[in-house]
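Input: a single structure, listed below in structure tokens.
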Amino acid sequence: MIGFLAFVSAIPASAPATLKDAFKGSFLIGAAVSASITAGADDRDAAIVKAQFNSISPENELKWERIHPQPGRYNFDPADRYVNFGEKNHMFIVGHCLVWHNQTPAWVFRDDKGNFVDREVLLERMYDHIRTVVGRYKSRIQSWDVVNEALDEDGTLRQSPWLKIIGPDYIAKAFQFAHEADPAAILNYNDYNLENETKRNGAVKLIRDLQAQGIPVSVVGLQGHLHLTWPSADVEDATIAAFAALGVKVAITELDIDALPPATRKQTADVTLSVQARAELNPYAAGLPASVQEALAKRYADLFGVFLKHRDAVTRVTFWGVTDGDSWLNNWPVKGRTSYPLLFDRSGQPKPAFEAVVREAIQ
Ligand code: G3I
């Protein structure tokens, strides 16, 4: 039997050699970039990003704790470098993220005495942050993850300080403030595990509620922190279809496929989760066996088949990192693992999964 790797290596010589060319006419292809790429300190990865991708997302530099670490003090330099990098390379530039429960400094929610602030004060702080950050990059950052991860796995709103202090309308307010600061920006609701039907139903309800109030939410971002066996292609298909039916676009905003043994039974991308290292959780430290490499390539091809099927709704597919060595999955939820979730290996070479994805585009 001809193996899948032999099959994908049979790509015709005339096939597009880059991801962005392969998916031209279907959707944008993006990568999350680190500060070292945009600061000129990682030429190898910067060259891959310029050659392969036509959209970028900032892995960390626009998060509240980085760009607005103290009251009234903004740290714009890394974010400026990020936006300059995208403009110089004619890319679709994404802003990530404005309102999230993680990576938000404690001062945002508290007064001088350490007590929680009230609704009006927190709304004022949210307004100031969004007006300042979105306003600074008006018409340069084309799309913003306005609210990130507002839902729990049961589909109800997460009990975050935003919800507890402001109430459920904090989400609508964030979108209104972002729209006011840049009326042309494409505004996203972004979350993980929306493939879980219960959580997805909660997101559908949330989007419907926002639409009923005339709130300008135009994209649902499926983060796409996926696994070799979960979710099935059919579930991914149903997830995209559920949001497309609402009339919003869908972006896959943080795609990676974890091929390591699950460290927890919970299906999650919660960055606060931490699991003790054990040898059996890091089985491929010396290299990925061919069988797993093959399974990963096949899995990527199947998922891109689904994204292509929904090309009318799917506007962008962004990978969360450039090479395997960069991925957050080397340190989450277990520190110091050797993970293989992306299309480029640790030496910057395209993997069989890259060929499989390109092959899917040209079929
Ligand atoms: O840069 C500092 C370094 O100076 C310091 O020595 C080191 C010590 O821990 O920390 C470094 O910062 C870390 C940063 O990643 C850069 O590596 C932070 O501690 C760490 O919390 C941060 O993790 C990021 C995580 O979000 C939390 O913000 C990951 O890189 C990033 O990939 C991840 O991205 C999230 C999305 O924003 C939302 N969806 C889930 C996704 C994956 O968790």
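The values are calculated or read from the model by the stated rules, or taken from the named source; none is laboratory data. Since the model is a prediction, treat every value here as computed from it, not as a measurement. Here Cβ is always computed from backbone atoms with ideal geometry, including for glycine, and neighbour counts include all displayed protein chains. Protein only, heavy atoms only, side chains kept; ligands, DNA and RNA dropped before computing areas. Shrake-Rupley method; radii C 1.70, N 1.55, O 1.52, S 1.80 Å.
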(request) Putting +1 on Lys and Arg Cβ atoms and -1 on Asp and Glu Cβ atoms, find which of SER274, PHE27, THR338 reaches farthest to the positive end of the dipole of the chain. (result) PHE27
(request) Excluding PRO168 itself, calculate the net charge of residues whose Cβ lies under 12 Å from the Cβ of PRO168, where each Lys or Arg counts +1 and each Asp or Glu counts -1. (result) +3
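Could you grab the Rg to Rh ratio for the chain? Cα atoms only, Kirkwood for Rh.
Values: Rg = 20.1 Å, Rh = 21.0 Å.
Looking at the chain, the ratio lands at 0.96.
Relative to 2.2 N^0.38 Å, what does the C-alpha radius of gyration of region 175-230 come to as a ratio? Two decimals please. Intermediate values should be presented prior to the final figure.
Details: Rg = 13.2 Å, N = 56, 2.2 N^0.38 = 10.2 Å.
Relative to the rule-of-thumb radius for its length, region 175-230 sits at 1.30.
Within the set of other residues whose C-beta is less than 14 Å from the C-beta of ALA181, count the net charge using Lys and Arg as +1 and Asp and Glu as -1. Let's see the in-between values first.
On the way: positive: ARG131, ARG136, LYS138, ARG140, LYS173; negative: ASP128, GLU180, ASP182.
Here the count lands on +2.
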(request) Would you please state which residues of region 97-139 a label at ASP80 would reach in this model, taking the label point 7 Å out along Cα→Cβ and a backbone N cut-off of under 15 Å? (result) 133, 136-138
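Can you give the charge dipole size of region 12-109 about its Cα centre, rounded to the nearest 20 debye, using +1 on the beta carbon of Lys and Arg and -1 on the beta carbon of Asp and Glu?
On the way: 9 positive and 10 negative charges, 30 e Å.
Result for region 12-109 is approximately 140 debye, rounded to the nearest 20.
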(request) Place the peptides 238-244, 218-224 in order of packing, highest mean first, counting for every residue the other Cβ atoms within 10 Å and averaging per peptide. (result) 218-224, 238-244
(message) For a protection proxy built on the mean count of beta-carbon atoms within 10 angstrom, sort 106-114, 55-63 highest first, please.
(response) 55-63, 106-114
(request) Set the Förster distance to 35 Å, then compute FRET efficiency between ASP111 and SER218 from the Cβ-Cβ distance, nearest 0.05. (result) 0.50
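Would you mind working out the magnitude of the charge dipole of the chain relative to its Cα centre, with +1 at each Lys and Arg C-beta and -1 at each Asp and Glu C-beta, to the nearest 20 Debye? Mind dumping the intermediate values first?
Working: 38 positive and 44 negative charges, 52 e Å.
The dipole of the chain has a size of about 260 debye.
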(message) Looking only at region 140-228, where both bridge partners belong to it, what percent of the DSSP beta bridges are antiparallel (to the nearest 5)?
(response) 10 percent
(request) Using label points projected 7 Å from each Cα along Cα→Cβ, tell me how many nm separate TYR284 and ASP302, to one decimal. (result) 1.5 nm
(request) Return the sequence-ordered ³J(HN,Hα) values of region 184-201 in whole Hz as given by the Karplus equation 6.51 cos²θ - 1.76 cosθ + 1.60 applied to θ = phi - 60°, using x for Gly and Pro. (result) 8, 5, 7, 10, 10, 9, 10, 7, 9, 6, 6, 5, 5, 4, 5, 5, 4, 4
(request) Give me the distance in nm between label points sitting 7 Å out from Cα along the Cα-to-Cβ direction at LEU157 and ARG73, one decimal. (result) 3.2 nm
(message) So with the 1.4 Å probe, I'd like the accessible area per residue for region 142-282, rounded to whole Å².
(response) 39 Å²
(request) At 7 Å along the Cα-to-beta-carbon direction for both GLN363 and GLN276, put a label point, then send me their distance in nm to one decimal. (result) 4.4 nm
(request) Go through PRO283, ALA251, ALA238 and say which Cα lies farthest out towards the positive end of the charge dipole of region 182-290; charges sit on Cβ, +1 for Lys and Arg, -1 for Asp and Glu. (result) ALA238
(message) Per residue of region 321-327, what does 6.51 cos²θ - 1.76 cosθ + 1.60 with θ = phi - 60° give for ³J(HN,Hα)? Whole Hz please, x for Gly and Pro, Karplus curve as stated.
(response) x, 10, 10, 3, x, 7, 5
(request) Distance from a point 7 Å along Cα→Cβ of THR268 to each backbone N in region 76-113: keep the residues under 16 Å and list them by number. (result) 101-103
(request) Could you work out how far helix 290-309 tilts from the main Cα principal axis of the chain, as a 0 to 90 degree angle to the nearest 10? (result) 60 degrees
(message) Could you tell me how far the Cα centroid of region 132-171 sits from the Cα centroid of region 220-286, in Å?
(response) 21 Å
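So what's region 225-290 giving for Cα Rg divided by 2.2 N^0.38 Å, two decimals?
Numbers: Rg = 15.3 Å, N = 66, 2.2 N^0.38 = 10.8 Å.
Cα Rg divided by the expected 2.2 N^0.38 Å: 1.42.
Provide the convex hull volume over Cα atoms per residue for region 80-202, in Å³.
In region 80-202, the Cα convex hull volume per residue is 114 Å³.
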(message) In whole Hz and in residue order, list the ³J(HN,Hα) couplings for region 60-75 that follow from phi through the Karplus curve 6.51 cos²θ - 1.76 cosθ + 1.60, θ = phi - 60°; x for Gly and Pro.
(response) 9, 6, 9, 5, 3, 5, 8, 8, 9, x, 9, x, x, 10, 9, 10
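At 222 nm, what value in deg cm²/dmol follows for the chain if DSSP H runs of at least 4 each add -39500 (n - 2.57) and the sum is divided by all its residues, to the nearest 500?
Values: 13 runs with 134 residues, N = 363.
Computed ellipticity for the chain at 222 nm equals -11000 deg cm²/dmol.
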(request) For PHE319, list long-range residues whose amide hydrogen, built 1.01 Å from N in the peptide plane, is under 5 Å from its own amide hydrogen. (result) GLY30, ALA31, ALA32, LEU255
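Under the 0.36 nm per residue contour assumption, what length would be gained going from the current alpha-carbon distance of ARG44 and LYS335 to full extension?
Numbers: separation 291, 0.36 × 291 = 104.76 nm, distance 2.47 nm.
Going from the current span to full extension adds 102.3 nm.
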(request) Net charge near ALA277: determine it from the other residues with C-beta under 15 Å of the C-beta of ALA277, scoring Lys and Arg +1 and Asp and Glu -1. (result) +2
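How much of the DSSP bridge set in the chain is antiparallel, in percent, rounded to the nearest 5? Before the final figure, lay out the partial values.
Working: 4 of 39 bridges.
Approximately 10 percent, going by the DSSP bridge assignments.
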(request) May I have the extent of the alpha carbons of region 217-263 along their three principal axes, as whole Å values ordered from largest to smallest? (result) 37, 19, 12
(message) Quick check for you: which residues of region 166-199 have the amide N under 14 Å from the point 7 Å beyond the Cα of ALA238 toward its beta carbon?
(response) 194-199
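Given the convex hull over the Cα atoms of region 232-342, what projected area results after averaging over all orientations, in nm²?
Numbers: hull surface 30.4 nm².
With every direction weighted equally, the projected area is 7.6 nm².
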